[in-house]
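The values are calculated or read from the model by the stated rules, or taken from the named source; none is laboratory data. Computed from a predicted structure; not experimentally measured. Methodologically, a virtual Cβ is constructed for each residue, glycine included, from the backbone with ideal geometry; neighbour enumeration extends over all protein chains shown.
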Amino acid sequence: MIAQEPLKVVATTGMVGDLVTRVAGERGEVEYLMGPGVDPHLYKATASDVRKLQRADVIFYNGLFLEGKLQSILERMGKSGRFVEAISVGIRHNRLLEPGEGGGHPDPHIWFDTSLWAECIPTVVATLSQAAPESADYFKTQGQLVQAEMLELHQWVLSKVSELPKAKRILVTSHDAYGYFGRAYGFTVVGLQGISTVSEAALADMARLVDFIRENQVKAIFVESSVPHATIERIATDAKVAIGGELFSDAMGTPGQIENGYDLGTYDGMVRHNVTMIVEALK
Ligand code: ZN
């Protein structure tokens, strides 16, 4: 490769794309496959995705079976000599949340604990550096910058949630995307659909959730941008509780879509938007 020519990088989700864009800086051109509102658990690659993947120098995905249907295609591409890496691969295993009674894989929603998401940075730096060794120093410096920004964001979240008394830190959403968020920031998290959106909520689960909301005097529950709203809306009606707003869970907003000063198409903006909305609605 000619020095200075940017690497062609493809990422799966917006969150992965955001992290890789920040680390790659001007030495990478990053495209991502899943836009706003797209559910990665159910996502199937299109013909144009496959063309993008085939043209890429480097491919990054979340891993931990977040991209349920796509993961086997990506693993196959990795065997054909291209640089293909799950950004979660370097996270210490004892930091992952194991699945509940259903068994299966560890919880893949690692991005909502910002300190855990930061543990993906060394993998991104290492993989980009393998693909473009002449830029290794540059990627290392970029990685350090992003690391510092990420830890600053983690501190911001800690300070924002401290506005809520412990008893009010109960987060009810459509599916279990916030397990790591709950562990990092002291919330009890209840998702109606489990850690994937593949199975639909049963009526018995809905009734249990209504009871839980009443017993705990939860002030508001939340819909998610990448999951249909109907079931949570019905639970809100049955439990006589407000919808606190629409959280971004498995997809970010549209780049340049600004709300309360936050760009919802960035990881930083998405996290600040979600946390502000949660804290204000539960206060
Ligand atoms: Zn999910």
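Is it the case, given these coordinates, that K69 is over 17 Å from Q193 (Cα atoms) and assigned to a loop (DSSP other than H, G, I, E, B)?
yes
On the given criteria, is A132 farther than 28 Å from L42 by Cα, surrounded by 15 or more Cβ atoms within 10 Å (Cβ to Cβ), touching a Leu at 6+ places or on another chain (Cβ under 7 Å) and not charged (D, E, K, R)?
yes
If you go through region 25-60 one residue at a time, how many are part of a loop (DSSP other than H, G, I, E, B) and in contact with a Pro (Cβ under 7 Å, 6 or more places away or on another chain)?
Number of matching residues: 1.
Quick one: which helices (runs of 4 or more DSSP H) lie wholly within region 168-247 and hold at least 2 residues that are away from the ligand (no atom under 16 Å from the Cβ) and surrounded by fewer than 16 Cβ atoms within 10 Å (Cβ to Cβ)?
203-215, 230-239
Looking at (1) at positive phi; (2) within 16 Å of the ligand (Cβ to nearest atom); (3) of a type outside the set (S, T, N, Q); (4) at pLDDT 95 or above, which is the one condition that is false for F65?
Of (1) at positive phi; (2) within 16 Å of the ligand (Cβ to nearest atom); (3) of a type outside the set (S, T, N, Q); (4) at pLDDT 95 or above, only one is false for F65: (4).
Would you say F181 is closer than 27 Å to L42 by Cβ, of a type in the set (F, W, Y) and either within 18 Å of the chain's Cα centre (by Cα) or at pLDDT 95 or above (or both)?
Considered against the rule, which asks whether it is closer than 27 Å to L42 by Cβ, of a type in the set (F, W, Y) and either within 18 Å of the chain's Cα centre (by Cα) or at pLDDT 95 or above (or both), F181 comes out as yes.
For region 1-24, which residues satisfy the criterion of being within 12 Å of the chain's Cα centre (by Cα) and assigned to a loop (DSSP other than H, G, I, E, B)?
Matches in region 1-24: T12, T13.
For region 141-167, give me each residue that is surrounded by fewer than 16 Cβ atoms within 10 Å (Cβ to Cβ), modelled with pLDDT of 95 or more and assigned to a helix (DSSP H, G or I).
If the condition is that a residue be surrounded by fewer than 16 Cβ atoms within 10 Å (Cβ to Cβ), modelled with pLDDT of 95 or more and assigned to a helix (DSSP H, G or I), then T141, Q144, L145, A148, E149, L151, E152, Q155, W156, L158, S159 are the ones that fit.
If you check every pair at least six apart or on different chains, which have Cβ atoms under 7 Å apart with a residue in region 113-135 that is closer than 13 Å to A86 by Cα first and a residue that is surrounded by 17 or more Cβ atoms within 10 Å (Cβ to Cβ) and polar (S, T, N, Q) second?
Hits for this filter: C120/S88.
Scan region 23-44 for residues that are out of contact with any strand residue (DSSP E or B) (no Cβ under 7 Å at 6 or more places or on another chain), closer than 12 Å to L128 by Cα and surrounded by fewer than 21 Cβ atoms within 10 Å (Cβ to Cβ) and jot them down.
Residue satisfying the conditions is G25 alone.
Looking at G37, G90 in this structure, which one is more than 15 Å from the ligand (Cβ to nearest atom) and either touching a residue at least 60 places away in the same chain (Cβ under 8 Å) or within 21 Å of the chain's Cα centre (by Cα) (or both)?
Result of the check over G37, G90: G90.
Please name all residue pairs, on different chains or six or more residues apart, with Cβ atoms under 8 Å, provided the first residue is in region 207-226 and is of a type in the set (D, E) and the second residue is within 16 Å of the ligand (Cβ to nearest atom) and part of a loop (DSSP other than H, G, I, E, B).
E224/S174; E224/H175; E224/A177; E224/F248; E224/S249; E224/D250
Pairs needed: first member in region 46-67, free of Cβ contacts under 8 Å to residues at least 60 places away in the same chain; second member anywhere, small (G, A, S); C-beta distance under 7 Å; at least 6 residues apart or different chains.
Cβ pairs passing all conditions: Y61/A86; N62/A86; N62/S88; G63/A86; G63/S88; L64/S88.
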